[in-house]
Amino acid sequence: MNCRAGYTLVEVLIAVTLSAAVIATISSASWMVRRMVKIRENSDLEPAVSDGFRLDRFLSGSVWDSQPDGIRFVLDPDSEVILRSICYLGNPDRIQYGSDMALITITGNSGNGFRLTVDTGLGDGTGQVTTRVLFPGATRFRFTCLDPRDSWQESWDPADRPYLPSAIRLELLSGSFLNVLNRDWVVTIPAARVVR
């Protein structure tokens, strides 16, 4: 009898076919897991990103009302109204009092995000008022303002600082989407935004 060492062509083809089937199954399962994680991340992140852009749109339009009884920018974390500002929603090259302006207020929402209220009547009851809860998964957050003459401030009193901050920062301190979002929102306010 002739004894041969090694594998026959059929045995090698069977081994290669089985290996390919195992690799295909593993890579398919891996792809499915990655796809599910991506879908979950996007569903958690999308509302937070959209809320961040909405916050940026309104607060970046903040202006300083030079009228003696005008609405001033206020940040008071100990008050029911955490932040109040008048903002201009129109053409930034031609800021006119009254037209395209809105009163923005931010209030807490019982440990579940915060409420953004936009009043196009500037608080006099003549305009449209819309309220929306932003960052509904945030149980704790903090606003701070950048003083162009100093540093980040926890509060902003117009009697002490008769000008606008350079930026507003929102720090999301706890919430269901923090592991996905993992950053703060900083809104820059253009300089010299004064209405008369």
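Overview of values
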{"read-out": "Elements of type strands (runs of 3 or more DSSP E) contained in segment 120-196, each with 1 or more residues being out of contact with any Pro (no Cβ under 8 Å at 6 or more places or on another chain) and modelled with pLDDT of 85 or more", "value": "129-134, 138-146, 167-175"}
{"read-out": "Index of the failed condition, Gly90 passing every other in (1) modelled with pLDDT under 75; (2) surrounded by 14 or more Cβ atoms within 10 Å (Cβ to Cβ); (3) of a type outside the set (Asp, Glu)", "value": "(2)"}
{"read-out": "Positions within segment 108-147 being within 17 Å of Gly61 (Cβ to Cβ), polar (S, T, N, Q) and surrounded by 14 or more Cβ atoms within 10 Å (Cβ to Cβ), in sequence order", "value": "Thr117, Thr120"}
{"read-out": "Qualifying residue in segment 54-77 (condition: outside any loop (DSSP other than H, G, I, E, B) and modelled with pLDDT of 85 or more)", "value": "yes"}
{"read-out": "Boolean, Ser19 is of a type in the set (S, T, N, Q) and at pLDDT 90 or above", "value": "yes"}
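The values are calculated or read from the model by the stated rules, or taken from the named source; none is laboratory data. From a predicted model like this one, the values you see are computed outputs, not experimental measurements. Please note: Cβ atoms are built from the backbone with ideal geometry, for glycine as well, and neighbour counts cover all protein chains shown.
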